[in-house]
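Working notes, structure below.
The values are calculated or read from the model by the stated rules, or taken from the named source; none is laboratory data. Owing to the predicted nature of the structure, the values given are computational and were not obtained by experimental measurement. Quick reminder, even Gly has a Cβ in these numbers, built from the backbone with ideal geometry, and neighbours come from all protein chains shown. Accessible surface areas use protein heavy atoms only, side chains included; no ligands, DNA or RNA. Shrake-Rupley method; radii C 1.70, N 1.55, O 1.52, S 1.80 Å.
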Amino acid sequence: MRCKSCDAVISEYETSMKSADTKEFLDMCVSCAKDTGVHSYGNTSLMHEYEDYPDDLDLDNISGVLYGGISVDDH
């Protein structure tokens, strides 16, 4: 699957990201979703350390973190 904004291939975690308000899948990479300011959540069990996430995304303390408008937790 590809990001509907920048056309980059998105990770398993990114495919699980949903809008906190509408519960609809975002179908975006973390970087593009961050730029929209939409509050969202995803299944962190699908994150892998080898994947290319932004440097300021703290993979060790991801649960409940508000990340540039993205609330990343285990929902």
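Below is a table of values for the structure above.
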{"item": "Pairs where the first residue, in the range 1-19, is open to solvent by 100 Å² or more (accessible area, probe 1.4 Å) and the second is β-branched (V, I, T) and part of a strand (DSSP E or B), C-beta under 8 Å, 6+ apart", "result": "M1/V9; R2/V9"}
{"item": "Flag if S45 is open to solvent by 40 Å² or more (accessible area, probe 1.4 Å), without any contact (Cβ under 8 Å) to a residue 40 or more places away in the chain and among the hydroxyl-bearing types (S, T, Y)", "result": "yes"}
{"item": "Condition met for K34 (in a helix (DSSP H, G or I), open to solvent by 40 Å² or more (accessible area, probe 1.4 Å) and not polar (S, T, N, Q))", "result": "yes"}
{"item": "Single residue of the range 1-23 satisfying the filter (among the basic types (K, R) and outside any loop (DSSP other than H, G, I, E, B)) that is nearest to E51 (Cα to Cα)", "result": "R2"}
{"item": "Residues located in the range 1-43, provided they are hydroxyl-bearing (S, T, Y), within 9 Å of the chain's Cα centre (by Cα) and at pLDDT below 85", "result": "S31, S40, Y41"}
